[in-house]
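First the structure, in the form of structure tokens, and then the observations on it.
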Amino acid sequence: MRLLLLLCACMACGLPAVTAEESAAKQPNILWILTDDHRADSIAAYNRVTAGRDDSELGYVSSPNADALARQGVLFTRVYCNSPGCAPSRTSMHFGMYPHHSGQYGFESGHQSTDFAQPFFPQLMVKNGYRTAHFGKSGIASFKWDARKLQKTPIYEVSVDQKELYKNDRTDWFHQKTWGKGKSTGMEDFWSMPDGPMRIFTPAEGPLSETAIKQKTRVRRELDLLFSFGDHNDLVIGGVSPQPTEKTQDGEILASFVDFIRHPGASYKTPWDRKIEGPPTDQPLFVNLGFHFPHTPVLPSKEFRDRFAGKTYKVPEFSKDELEKLPPQLVLWFEKTNFADLSAEDKQQAIRDYYAFCAMGDSLIGKAVEQFKEFSVKQNRDYLILYVIGDHGWHLGEQGGESKFAPYDTSNHCAVIAVSSAGQQYPAGTVCNEPIEFVDFAPTFLQAAGADLSDDHYAHFDGHPLGETLIGAVRRDYVIGEMNHVIGPRAYLRADDFAFSMRVREKNGKPGEKWGQPPGQDIKWALTAPREQVEMALFDLRLDPKERNNVANDDSYLPLSEWFRSKLGRIILGDGRVEADWSKENEFVISNFAAGAHDGKLDIPKTIVPRVNELTSQPKPSAPDMEIKFGKVSRKSAFRSVTMSIWGGSLVKGEDGLYHMLYSRWPRNLGWAWVTDSEIAHAVSSSPFGPFEFKDVALPRRGKQHWDGWCTHNPTVHKFGDKYYLYHMGNTGDGEIVGVPGKHLLNWQHRNNQRIGVAVADTPNGPWTRSDKPLIDVSPEASAMDSLVTSNPSVCQRPDGGFLMVYKGVGQERPLPNGGPVVHCVATSDSPTGPFVKHDKPIFVFEGEHFPAEDPYIWFQDGKYRAIVKRIKHEGRKRVFSLVHYDSVDGLDWHPGKYHEISQRTVQWEDGEVQQFDHLERPQVYMENGKPVALLCAADIYDENHVRQSFNIQIPLQVTLHP
């Protein structure tokens, strides 16, 4: 690749180019890895650069090998397929042409005998001196011309297709039609069960045999199979493979590839006795390694499924109300791919097993990359690796479906990793956020092979080499695609601010089919038909990035949707559109009534683009400002102990009518030893203002092997639904007590092992089921604001039913062991037990202060999120504490409340005494009927020996709302 950049520079300067012999000598080996139905967010490296976290928005993922590959090269984050289905997407990639230029829009069987036919790019690689090979899934329905179409077009010189693996039982499963007398007789399912192969026959007509019924029952039970809910309810969307990783279909695909490159310059036999010539030693090698994962059936091996056991995932938001504004094609897509009506348990399995399958595949990709690099090094030849993460995307509940085949971002948005041993064209650790299309891959490979892309042999390519986008030589305002399968003919255009799609042909059949139209007939229909027939969908991504509100028919968007109709329709239908009757040898029509319409520019007239501020400026009643004052405190509202230091407490009312306080405590004789010896205890009272009586220990010490096994601290308890949730900090460590009463020292190992967890119970009396892993762990990047510590959670339920958490994070910008700064972070979830999605903006920040606040308690009331926060002001070396009030409209962006100050650590007792404490912190609000009633705080004073005497105090609240 270094040579290619130099060659471009020489030509631009008029210098002589290198010779063909020199170019051939430097041609790299190329490995093109392609997976199937693969979401980009299954790759932690992708999530890290797009969302600032390893997990996907839905939850936990694992991809160490893809992550390592991304560090070695360029990660392209905005990559779009040109057709969201296996066959049309792969055909588009292999031609380097849009579907509307190749004439293949779905799963039709094409051929290369027409006058407009172009070669597949691997055929061009051969002409440029490459040996080409393919292993695994091809997915291209191209045959040598024959009325019966029985013989596939040889696209690669060597091919071990997945169907060859099926025929020789080199897989954990397969599913195929059986034939007899020219028609299908039924379906055969093969399962490689641990005790031997099992073949289950389902006849095309008539009932299953008793044997088949027993076999199906056994397979479903032993493999924990989960089937889709929609029309295609034979699709397995969850389960476990009956074989270990290396014996799965993808493991066998890898094995066939490894066998090949381990026999350079020699022939060898496959395990099923087929003779294959290994790669030549004097020729560069191009390999397409087509993995099947994570396409259905979703069957991770037990090894990887077990790693994901117990993981809980966020289910994408969807309401069937959204269907009311969708056109019939997109409603049909939902009906055929229905995920929304699965049970909550089945949704979790579907998502969990999918990501586990991706993790299994990642392990195989790591081995493939290692073997390919080793092969290239032995050849003394550079290599180029292009890992295309999915031939398209996959929905896991987005828009209510589980599938692809749609014009939505989730169906079309993928990612690519490009790594070159030469290094310069794809610099290590680089991220490219410019849009890329799948038609770019063919010219990328040919350019790497040394081809002159200005030659007429490559004029049919619709894309551009990835390197040109990387250096800014190519820029797109939009990407396009089209497909005719499942819901009929539909095209789409996607830009930064808008996503548009439309029906492009009146009938659902493909050109030449009996239920379609003759090629080219009434080609302008989608531009002239009544708009309701064209079934437009328009999503304003500025306001609706999840594509949940179709505005195509909203009055304010009518001119814009018509503009997109004209733009996309002219591109797809009039700029070189090919429609062929593939049942004929050479019957086709090319439509060019709008030549040049696809100019890559999106020059929308400003006058037809609704302004966001106008769309969101509908008057809303403003939320009132809150003023919080303390009432007088009863002496019985101080919960003390002679033997225990008592700290932060949180209150919830039980079904028993009692008030349950969950609080922190540790032995007083140990000194200020909360970080090593705190435990969360339980006390009860008949009043929220006490007196409280100790009842039991809720979260005791449980062993250093647990993340919270040595210390639990700073609880906050809530009832959500019919369960009680006890959020807390926990840690573990060596257990050494480093201070004594009057001398406050921290065990830094314990302090820096602080993490956030949640325990769940049916009643506040327990027992509490504790989490085996933290609910909020530290972020892995050293630069993250919570890379050292997560602690002190506060949680409330959002108006939309989701959950908002604010927590303390400590980073590592400042010297260890203290670290810092100390900040407050926000995370959100659809479930009280997570997963919580971290947001990257700290809150309660004061410029120049590294520890400005602590201990927020948050709740939602009267149209705003509210918070009581411990403010820490720095006056020289002195720290001054107070309690203050913040509010927020969205829970993410917080500002000081209009009535900001609450207390300078002062209370007035009912007997008239006014007392200022040394500390008044860990504020926890107790709510009744949606209104604050009491504030529980940890309080202390220092005695004459500088020993902290701590207790919990329950303060009546006087809240005034000001319009």
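Laboratory data are not the source of any read-out in this text; all were calculated from the coordinates shown. Keep in mind the model is a prediction, meaning the values are calculated, not measured. Here the Cβ is made from the backbone with ideal geometry for all residues, glycine too, and neighbour counts use every protein chain on show.
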>> Using only the Cα atoms of segment 463-519, what semi-axes does the equivalent ellipsoid have when each is the square root of 5 times a gyration tensor eigenvalue? Give whole Å, largest first.
In response: 32, 14, 7
>> Counting C-alpha atoms alone, how compact is segment 149-301: give Rg to one decimal and Dmax as a whole number, in angstrom.
In response: 17.9, 58
> How far is it, in nm, from the label point at Thr185 to the one at Asp544 when both lie 7 Å from their Cα along the line to the Cβ?
Replying inline: 5.2
> Cα axis of helix 328-337 to longest principal axis of the chain: angle in degrees, 0 to 90, nearest 10?
Replying inline: 80
> Quick one: which of Lys177/Lys275; Lys653/Lys838; Lys127/Lys404; Lys325/Lys404; Lys743/Lys838 span more than 25 angstrom between C-alpha atoms?
Replying inline: Lys177/Lys275; Lys653/Lys838; Lys127/Lys404; Lys743/Lys838
> Which residues make up the longest stretch of the chain clear of chymotrypsin sites (Phe, Trp or Tyr not before Pro) that lie in a DSSP loop with no more than 13 other Cβ atoms within 10 Å, not counting the sites?
Replying inline: 1-271
> In debye, nearest 20: dipole of segment 625-962 around its Cα centre with unit charges on the Cβ of K, R (+) and D, E (-)?
Replying inline: 460
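Enter the mean projected area of the convex hull around the alpha-carbon atoms of segment 2-479, in nm², rounded to one decimal.
24.0
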> Can you give the FRET efficiency for Asp840 and Glu506, using 1/(1 + (r/R0)^6), R0 = 51 Å, r = Cβ-Cβ distance, to the nearest 0.05?
Replying inline: 0.60
> Measuring from a point 7 Å past the Cα of Leu745 along Cα-to-C-beta, which residues in segment 820-838 have an amide N at less than 18 Å?
Replying inline: none
> In straight Cα distance, which aspartates and glutamates are under 20 Å from Lys584, not counting same-chain residues fewer than 8 positions off?
Replying inline: Glu108, Asp115, Asp146, Glu513
> What's the Cα-based Rg to Rh of segment 488-615, Rh via Kirkwood?
Replying inline: 1.02
> Mind ordering 62-68, 38-44 by average Cβ neighbours within 10 Å, highest first?
Replying inline: 38-44, 62-68
> For a paramagnetic label modelled at 7 Å from the Cα of Tyr899 toward its Cβ, which residues of segment 632-673 fall within the zone defined by backbone nitrogen distances under 18 Å?
Replying inline: 632-633
>> With the cut-off at 23 Å, tell me which of the pairs Lys152/Lys336; Lys183/Lys269; Lys632/Lys870; Lys311/Lys347; Lys163/Lys269; Lys247/Lys269 have Cα atoms farther apart than that.
In response: Lys152/Lys336; Lys183/Lys269
> Relative to the longest principal Cα axis of the chain, at what angle does helix 2-12 sit, 0 to 90 degrees, rounded to 10?
Replying inline: 70
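Go ahead and run the numbers for FRET between Arg307 and Asp146, Cβ-Cβ distance against an R0 of 56 Å, rounding to 0.05.
Values: r = 48 Å, r/R0 = 0.86.
For R0 = 56 Å, the calculated efficiency reads 0.70.
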> Per-residue ellipticity at 222 nm for the chain, helices alone: DSSP H runs ≥ 4 residues times -39500 (n - 2.57), over residue total, nearest 500 deg cm²/dmol?
Replying inline: -5500 deg cm²/dmol
> Cross-link partners among lysines for Lys601, C-alpha distance below 18 Å, same-chain residues fewer than 8 apart left out?
Replying inline: Lys567
> Put +1 on the Cβ of every Lys and Arg and -1 on every Asp and Glu Cβ in the chain; which of Asn412, Ala45, Gln908 then has its Cα farthest towards the positive end of the dipole?
Replying inline: Gln908
> Separation of segment 892-939 and segment 729-765 by C-alpha centroid, Å?
Replying inline: 25
> Dividing the Cα radius of gyration by the Kirkwood radius, what Rg/Rh value follows for the chain?
Replying inline: 1.03
> What's the FRET efficiency of Phe593 with Asp169 using the Cβ-Cβ distance as r and R₀ = 45 Å, to the nearest 0.05?
Replying inline: 0.25
> What is the gain in length, in nm to one decimal, between Val126 and Asp603 on full extension, counting 0.36 nm per residue of separation less the C-alpha to C-alpha distance?
Replying inline: 167.6 nm
> Along the Cα-to-C-beta direction of Asn613, a point sits 7 Å from the Cα; which residues of segment 529-558 have their amide N less than 18 Å from that point?
Replying inline: 542-543
